[in-house]
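Student: I am attaching a structure below and will ask some questions about it afterwards.
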Amino acid sequence: MSVQAERLYYSDSYLKEFVSIVIDVKEDEGDTWVRLRESAFYPTSGGQPYDTGVLFIEGGSEAVRVTEVQVEEGQVWHRLAGSLSVGQAVTGRIDWSRRFDFMQQHCGQHILSACFEQALGAKTSSFHMGDTYSSIDLDKDLTDDAVLLVMRRANEWIWRDVPVRARFVTEDELSTMKLRKAPSVKEDIRIVTIEGLEDNACGGTHPASTGQVGQILITRTERMHGGTRVVFVCGGRALSTAKQAIDTLRGLANGLSVGPDDVPLAVTSLQEQFKESKRKYEALRGQYSGLLARDYVNTQLQTIDSTCVLVAEIPDLDEVHELKRLASSSVTWIADAHPNAPYIVVFVGGWMGRAHVVIQAAENAPVAANQLIQAALPPLNGKGGGTAVAAQGSAPVAVKEAADSLASCLRANLPSFSRELH
Ligand SMILES: [Zn+2]
């Protein structure tokens, strides 16, 4: 049987039910696949995904689901959620809503590609049809205005409701045709014609007229190496996409207590308010850290051999950045109270399950900040670094454990440093 006779969708893309016979069965990695004498099931090809459906077994009420259809070496194979044997007569029924949805997307793609090429000279280099959206890649960088113009033109072809026809042609006939894209096969060349718009080589399923595509909605474009990717939805998908977008906008408008048209303005105003609040918060946070640091300096500062030493622990930090603010403010308070005295300031805080450490040291301190952190953290599987005057790091341990390690390293340089004084 010829390919054209075996694949029933070629001559009738509206055929939903057909009678056939199982002519081959194979097992592949636990799945059963069958070939049918003829079939209306569309196998994944030309960018269009496969059909699903059911095979009813003749003479009984039993049915087996078809979960995937693929072509292998020119033969159409149906994957089953069950089993059948050679010679069994079956009635096949394809899932029509899935198929018709793909017909709308596929024909919409032909219309869009033709309009992009005719209006802007932008050729389609590849086409993707997915379960939720489709896309074409064009070989030109396009402006949003140009894309909008083509979307309108493409929809005008739908409103005209012109016939869409598919037929097989001979090589002689082919040589007289002006195709958008050269056929990828040498024999069984099938041409899909959108009357007045284009002829194109295609093995896919299309509706009988452009009106059935319903609508073409471009949802976004992406610039990509000298070209443009155009993402779109057609027909039923365009309707549900538009409905979803309206629901989302309404939800946003209700949340902001404004009308849908005022959402962009309300969002801009919220962003400005947020920026201003954040600025005020940062200023207050800085003031608070200054007061907190003064408390630490007043209650926990030790003077050892004329060096001011502060080791402070904060079990739970609101933000890890707080440690730096506290250390800097403490240094300012120490400099006020003990001008020119060497100092070492260590803050250890808990954040996201780790002990974080910030150290600031005077240039004339008996131990450098980076030296101290590199001595204390590696034994705790932590790491850190910095300069002689400022260092930071972290370790996967409790705050107290990290503070104890830092204290004992400090004691190596300042033997009379004691944690008990805290
Ligand atoms: Zn096609």
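Each value in this text was obtained by applying a stated rule to the coordinates, not by laboratory testing. Here the structure is a predicted model, which is why all the values come from computation and not from measurement. In this analysis, Cβ positions are derived from the backbone assuming ideal geometry, glycine residues included, and neighbour counts consider all displayed protein chains.
Student: Considering the alpha-carbon set of the chain alone, what are its Rg and its Dmax in angstrom?
Tutor: That works out to 36.2, 103 Å for Rg and Dmax.
Student: Moving on. What Kirkwood hydrodynamic radius do you get for the range 1-81 when you take the inverse of the mean 1/r over all pairs of distinct Cα atoms, in Å? Walk me through the intermediate numbers first.
Tutor: Numbers: mean 1/r = 0.0769 Å⁻¹.
When all Cα pairs of the range 1-81 are included, the Kirkwood radius is 13.0 Å.
Student: R0 = 35 Å: FRET efficiency of residue 295 with residue 267, Cβ-based, nearest 0.05?
Tutor: Values: r = 41 Å, r/R0 = 1.18.
Efficiency, rounded to the nearest 0.05: 0.25.
Student: Compute the angle between helix 96-120 and the longest alpha-carbon principal axis of the chain, please, reported from 0 to 90 degrees and rounded to the nearest 10.
Tutor: With both axes taken from Cα atoms, the answer is about 80 degrees.
Student: Here is a follow-up. Roughly speaking, what is the centre-to-centre gap between the range 96-148 and the range 314-352 when only Cα atoms are used, to the nearest Å?
Tutor: So the two Cα centres are separated by 60 Å.
Student: By average Cβ neighbour count within 10 Å, what is the ranking of 289-301, 389-401 from highest down? Kindly include the intermediate steps, with their values, before the conclusion.
Tutor: On the way: 289-301: 16.4, 389-401: 18.8.
Highest mean packing first, the order is 389-401, 289-301.
Student: Just need the relative contact order of the range 176-333 here, percent rounded to a whole number, with Cα pairs under 8 Å and 6+ apart. List each step's numbers first, then the result.
Tutor: Numbers: 118 pairs, mean separation 17.2, N = 158.
So the answer I get is 11 percent.
Student: Answer with one residue from 242, 177, 204: the one whose Cα lies farthest towards the positive end of the charge dipole of the range 100-250, charges on Cβ with Lys, Arg +1 and Asp, Glu -1.
Tutor: Result: 242.
Student: Could you run the Debye sum over the Cα atoms of the range 306-389, one equal point scatterer each and no solvent, and tell me log10 of I(q)/I(0) at q = 0.22, 0.23, 0.25 Å⁻¹, two decimals?
Tutor: Debye output, listed in q order: -1.06, -1.13, -1.27.
Student: Mind listing the phi-derived Karplus ³J(HN,Hα) values for the range 377-382, rounded to whole Hz, using 6.51, -1.76 and 1.60 with θ = phi - 60°, and x for any glycine or proline?
Tutor: 8, x, x, 9, 6, x
Student: Right, another one. On a 0 to 90° scale, report how tilted helix 322-337 is relative to the longest principal axis of the chain, with both axes built from alpha carbons and the result rounded to the nearest 10.
Tutor: Computed tilt is about 20 degrees.
Student: Roughly what angle does helix 399-413 make with the longest principal axis of the chain, taking Cα atoms, 0 to 90 degrees, to the nearest 10?
Tutor: For 399-413 against the chain, the angle is about 50 degrees.
Student: Nearest 20 debye, what's the magnitude of the dipole of the range 182-271 about its Cα centre given +1 on Lys and Arg Cβ and -1 on Asp and Glu Cβ?
Tutor: Details: 8 positive and 9 negative charges, 57 e Å.
Dipole size: approximately 280 debye.
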